[in-house]
Amino acid sequence: MASRKTRLVLMKTLSLFSVVRGYNIPVIALAQYLSAIFILDKDSRALDVILDPNLFIIVLASSLTIASGYIINNFYDAQKDLINRPKKSMLDRLVSQKTKLQVYFVLNFIVTLLAFLISWRAVLFFSTYIFLIWFYSHKLKKYPVIGNLTAAFLAVLPFFGILMYFKNFYEVIFAHATFLYLLILTRELIKDLENLTGDLANNYRTIPVMFGEKVSKQIITLLTFLTIIPVYLLIDVYSVGYMDIYFYAGMIVIIYFLFQLWKAETQKQYLQLHNILKLLIVAGVFSIILIEPSVLVHGRKLLSVI
């Protein structure tokens, strides 16, 4: 009896982990810290940045906000996910909709308290972030273009939180943000192609539903070509150290991605394309250390201090 109850608790914990996509959040938190160390606050010792209590609170609040966002998104997409992701949906449904909402409100309450520890500006930022995520999940995601643009914007918004904290507004930062935004926007369009069946069944007016797969692929192709602009700026105009290796390799991956895109027809093929973009984004996170690898062994001597 006890083992059965323990198993049920573990399954529900796993279900909640699936709902909040716990595997994504640590990557976003790591990206925020690496951005702070190698881009936003280069003049400080790496260890000082890592141990900054205010930065920790901002990253924690961002992580909890993202987790709550996944919950409310899952809440509204329950019927659609039954069609598009039946296996994941069955796991997610081990936690009731009521429990999901309770966890959602608790997380947002904690985020608000954490924001108060920073400043009233942080409270305003995270309150706006929470509202935008809810509004996107409730309304905007069902509409073409505006839904995709908003989803990509919400994905990069946590980085603007630490950007405002460090008050660092160099042009190179916006070039990085533009590249990331275009990749995420492309991924959102791929997800719409991947979820076409469920979107049709639930009256989601996405670009593939409204204009067809061919138009969607044309827009995706245009977006991938637009990534050349920030990549050119980052490699030839700004100094990104050895991270230019990532951008050159990324362009090769994008060319391969485009070839596969125009051959793709099934949900499985679109899922593979989605995963290619996800890996490219994650690789970009870890490649941030290539901007100034000497940080790890010289100057600020992070490794020796740790």
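The values are calculated or read from the model by the stated rules, or taken from the named source; none is laboratory data. Keep in mind it's a predicted model, so treat the numbers as computed, not measured. Glycine gets a Cβ as well: all are built from the backbone with ideal geometry, and neighbour counts include every protein chain shown.
Is it the case that Ala31 is within 20 Å of Tyr165 (Cβ to Cβ), in a helix (DSSP H, G or I) and among the small types (Gly, Ala, Ser)? Spell out the reasoning first.
Values: within 20 Å of Tyr165 (Cβ to Cβ): yes; in a helix (DSSP H, G or I): yes; among the small types (Gly, Ala, Ser): yes.
Yes; evaluated as a whole, the condition is true for this residue.
Among the numbered conditions (1) more than 22 Å from Ser119 (Cα to Cα); (2) assigned to a helix (DSSP H, G or I); (3) in contact with a Phe, Trp or Tyr (Cβ under 6 Å, 6 or more places away or on another chain), tell me where Thr65 comes up short.
It fails just one condition, (1).
Output the qualifying pairs, or none if there are none: Cβ atoms under 9 angstrom, residues six or more apart or on different chains, first residue in the stretch 1-14 and closer than 15 Å to Ser96 by Cα, second residue assigned to a helix (DSSP H, G or I) and at pLDDT 75 or above.
Taking only residues 6 or more apart or on different chains, the pairs are Lys12/Thr99.
Could you list all residues from the stretch 105-122 that are surrounded by fewer than 18 Cβ atoms within 10 Å (Cβ to Cβ) and either assigned to a helix (DSSP H, G or I) or touching a helix residue (DSSP H, G or I) at 6+ places or on another chain (Cβ under 6 Å) (or both)? Before the answer, list the steps.
Looking only at the stretch 105-122, we keep the residues that are surrounded by fewer than 18 Cβ atoms within 10 Å (Cβ to Cβ), and these are 105-106, 109-110, 112-113, 116-117, 119-121.
Those that are surrounded by fewer than 18 Cβ atoms within 10 Å (Cβ to Cβ) and either assigned to a helix (DSSP H, G or I) or touching a helix residue (DSSP H, G or I) at 6+ places or on another chain (Cβ under 6 Å) (or both): Phe105, Val106, Phe109, Ile110, Thr112, Leu113, Phe116, Leu117, Trp120, Arg121.
Taking the residues in the stretch 219-246 that are touching a residue at least 60 places away in the same chain (Cβ under 8 Å) and not aliphatic (A, V, I, L, M) as candidates, determine which candidate is surrounded by the fewest Cβ atoms within 10 Å (Cβ to Cβ).
Ser239
Hey, does the stretch 80-95 have a residue that's under 21 Å from Ala155 (Cβ atoms) and of a type in the set (A, V, I, L, M, F, W, C)?
First, pick out the residues of the stretch 80-95 that are under 21 Å from Ala155 (Cβ atoms): 80-81, 84-85, 88, 92.
Subsequent filtering for residues that are of a type in the set (A, V, I, L, M, F, W, C) retains none.
Taking every residue of the stretch 80-95 in turn, none turns out to be under 21 Å from Ala155 (Cβ atoms) and of a type in the set (A, V, I, L, M, F, W, C).
Checking the structure you have, find out if any residue of the stretch 130-151 is modelled with pLDDT under 90, hydroxyl-bearing (Ser, Thr, Tyr), at negative phi and outside any helix (DSSP H, G or I).
Taking every residue of the stretch 130-151 in turn, at least one turns out to be modelled with pLDDT under 90, hydroxyl-bearing (Ser, Thr, Tyr), at negative phi and outside any helix (DSSP H, G or I).
Hey, can you tell me all the residues within the stretch 162-209 that are out of contact with any His (no Cβ under 9 Å at 6 or more places or on another chain) and of a type in the set (Asp, Glu)?
Glu171, Glu188, Asp192, Asp199
Find all pairs meeting these conditions: Cβ atoms under 7 angstrom apart; at least six residues apart or on different chains; first residue within the stretch 149-165 and in contact (Cβ under 8 Å) with a residue 24 or more places away in the chain and farther than 27 Å from Thr206 by Cα; second residue part of a helix (DSSP H, G or I) and small (Gly, Ala, Ser).
Close Cβ pairs satisfying both conditions: Gly161/Ser62; Ile162/Ser35; Ile162/Ala36.
Considering only the stretch 123-147, how many residues are buried (at least 16 other Cβ atoms within 10 Å of the Cβ) and over 22 Å from Asp199 (Cβ atoms)?
Summing the residues that are buried (at least 16 other Cβ atoms within 10 Å of the Cβ) and over 22 Å from Asp199 (Cβ atoms) in the stretch 123-147 gives 5.
Counting only residues that are under 22 Å from Gly250 (Cα atoms) and surrounded by fewer than 18 Cβ atoms within 10 Å (Cβ to Cβ), how many does the stretch 165-218 have? Can you show your working first?
Quick first cut of the stretch 165-218, residues under 22 Å from Gly250 (Cα atoms) only: 171-191, 216-218.
Pick out the ones that are also surrounded by fewer than 18 Cβ atoms within 10 Å (Cβ to Cβ) and you get 171-172, 174, 177, 218.
Qualifying residue count, the stretch 165-218: 5.
Name every residue in the stretch 191-243 that is modelled with pLDDT under 85, more than 24 Å from the chain's Cα centre (by Cα) and outside any helix (DSSP H, G or I), in order of residue number.
Asn202, Asn203, Tyr238, Ser239
Tally the residues that are acidic (Asp, Glu), over 21 Å from the mean Cα position of the chain (by Cα) and at pLDDT below 90, restricting the search to the stretch 37-90. It would help to see each step written out before you state the result.
Residues of the stretch 37-90 that are acidic (Asp, Glu), as a first pass: 41, 43, 48, 52, 77, 81.
From the residues that got through so far, the ones that are over 21 Å from the mean Cα position of the chain (by Cα) too are 41, 43, 48, 52.
Now drop any that are not at pLDDT below 90, which leaves 41, 43, 48.
Here the count works out to 3.
Please go through the stretch 88-134 and give me each residue that is farther than 25 Å from Tyr165 by Cα and among the basic types (Lys, Arg), ordered by number.
Within the stretch 88-134, Lys88, Arg93, Lys98, Lys100 qualify.
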